[in-house]
1. Regarding residue 231, is this residue part of a helix (DSSP H, G or I), within 29 Å of residue 412 (Cβ to Cβ) and out of contact with any Gly (no Cβ under 6 Å at 6 or more places or on another chain)?
2. Within the range 292-313, work out how many residues are of a type outside the set (Ser, Thr, Tyr), more than 14 Å from the ligand (Cβ to nearest atom) and touching a helix residue (DSSP H, G or I) at 6+ places or on another chain (Cβ under 9 Å).
3. Please note which strands (runs of 3 or more DSSP E) are completely contained in the range 82-182 and include at least 1 residues that are under 30 Å from residue 204 (Cβ atoms), of a type in the set (Val, Ile, Thr) and in contact with a Gly (Cβ under 9 Å, 6 or more places away or on another chain).
4. Considering the range 102-126 alone, what residues qualify as being touching a residue at least 60 places away in the same chain (Cβ under 8 Å) and small (Gly, Ala, Ser)?
Amino acid sequence: MFHRKNKLLMINIFSILAVLIIGLTLFSYLQHMEKQPFYAFCQNENKEDENASDISEEESVSLSAEEYREKYADGLALADGAFLANPKCRLEVSIAKQWLENEANGIVGAQYDFVFHNDSAKDILNWTMLVSVPEGSYLDSYWSGECNYENDVITIQPLDYNQTIEVAADISFGFVLMTPNNSTFHVEDCAIIFYRENKLWQHPLFWVLSIFLFALFIADLAYVVSSIRIRKYNLRQEADRRIIEQSLKTFANIIDAKDEYTRGHSQRVAYYSREIARRMNMDEETCRQLYYIALLHDIGKIGITDSILTKPGALTVEERESIKQHVVIGGEILKDFNSIPGIAEGAMYHHERYDGTGYSAGLSGDAIPLFARIICVADSFDAMSSARCYRGKLEMDHVVNELKAHAGTQFDKNIVRYMLEMIADGFAPVLNGEAEM
Ligand SMILES: [Fe+2]
């Protein structure tokens with residue numbers, strides 16, 4: 001359990017560290033990318049249409065401003081609404097009005113209105129637009145942007161350096177340009193340099209990491225909740241176990257109280273039996289079950305007259321037969337106690353002998369329930385190693401010899417082996433108080 005908890009904790013720590021490292025790497029990558037400029041080149045879709053934009057010198061010289069507007073109404077209409085497309089952005093250009101500024105010099109004036117759309121998936125920052133214009137043009141005025149004219153290129157920048165064009169938003173600006181040689185000017189080529197604002201949550205990996213962290217959090221929460229429940233359940237089970245154990249010990253004390261020489265006998269037998277079971281590699285639940293069964297192995301003595309139980313001298317044949325009845329009485333008392341399987345058998349068969357000469361059923365060998373065979377050895381050992389009303393306690397050498405002598409006849413010799421081992425390593429015998437454990 002401890003190792004499992006540690007393993008889970010390590011997995012958690014590593015997962016969170018991995019998410020943090022990937023997250024920080026992603027964040028610094030996005031920060032880096034934010035500093036990289038993007039270039040978008042837009043082209044007029046109507047560039048092929050030469051008729052719309054060119055005015056021959058020959059024709060234009062003789063035209064008045066009014067005539068000019070009338071003649072080139074088609075060209076104006078064509079230029080109006082033309083747009084320059086790019087997958088990341090879109091530039092709409094329209095010529096709001098157009099006039100012959102200076103007939104003598106062939107200077108044509110026009111007002112150009114621009115609408116710049118952000119069609120990309122990210123916000124656009126700090127953009128600059130470069131528009132090529134005919135040689136000899138000059139800017140008359142501009143609005144909603146900072147325009148500069150140099151080397152036949154107009155550079156347009158936002159008035160506010162940090163102006164952001166959000167996703168799907170647009171901005172508008174414009175200028176009035178004077179072009180020479182009686183020619184109109186259609187914006188055909190322009191370049192846009194811009195930076196893109198990388199918001200962490202706009203990156204798919206951010207959501208993958210977030211979902212992973214959220215799943216980790218939910219799994220942790222579920223683990224904590226189930227741990228608390230299991231802990232509560234274990235505590236309740238432990239409390240129930242204590243109630244069972246204390247009740248059974250109380251019964252055992254009632255049995256043993258009938259004879260002052262047998263005080264603590266049932267608890268010691270239970271204590272030895274459980275240890276034999278442990279040494280036989282039985283699981284802890286089985287060992288506990290045997291402990292409970294052994295506690296009540298002599299419960300039938302309740303039905304035996306005190307005068308016989310506590311008689312100091314030798315017993316008559318009738319008295320001995322009467323005492324033997326305690327196994328049958330015990331079995332009868334416990335026959336309905338089925339929440340501890342085998343408890344009635346423990347009381348009934350703990351005086352059976354391995355060779356079949358015991359009582360009360362005369363079972364032999366493996367026909368005797370294993371728990372009863374274990375209790376038989378523990379019971380006999382405790383009887384020999386403690387004082388009785390008819391004799392004092394026997395020397396341990398004598399007890400050991402008795403166990404060895406009756407292994408295979410009275411006792412299951414395999415079980416005697418464990419009992420002898422317990423005596424040899426000092427586990428048995430125990431004093432009254434020690435069997436409380
Ligand atoms: Fe007994």
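1. Values: part of a helix (DSSP H, G or I): yes; within 29 Å of residue 412 (Cβ to Cβ): no; out of contact with any Gly (no Cβ under 6 Å at 6 or more places or on another chain): yes.
No: the conditions fail for residue 231.
2. First pass over the range 292-313, keeping only residues of a type outside the set (Ser, Thr, Tyr): 293-304, 306, 308-309, 311-313.
Now drop any that are not more than 14 Å from the ligand (Cβ to nearest atom), which leaves 306, 311-313.
Keeping just the survivors that are touching a helix residue (DSSP H, G or I) at 6+ places or on another chain (Cβ under 9 Å) gives 311.
Selection size over the range 292-313: 1.
3. Fully inside the range 82-182 and qualifying: 170-179.
4. Hits for the range 102-126 are 106, 109, 110, 120, 121.
Here's the yes/no breakdown for (1) surrounded by fewer than 16 Cβ atoms within 10 Å (Cβ to Cβ); (2) away from the ligand (no atom under 12 Å from the Cβ); (3) part of a helix (DSSP H, G or I); (4) not assigned by TED's automatic domain parsing to the domain that holds residue 312:
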| position | (1), (2), (3), (4) |
| --- | --- |
| 329 | no, no, yes, no |
| 344 | no, yes, yes, no |
| 348 | no, no, yes, no |
| 357 | yes, yes, no, no |
| 371 | no, yes, yes, no |
| 378 | no, no, yes, no |
| 384 | no, yes, yes, no |
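The values are calculated or read from the model by the stated rules, or taken from the named source; none is laboratory data. As the structure is a prediction and not an experimental result, all values here were calculated from the model. Please note: Cβ atoms are built from the backbone with ideal geometry, for glycine as well, and neighbour counts cover all protein chains shown.
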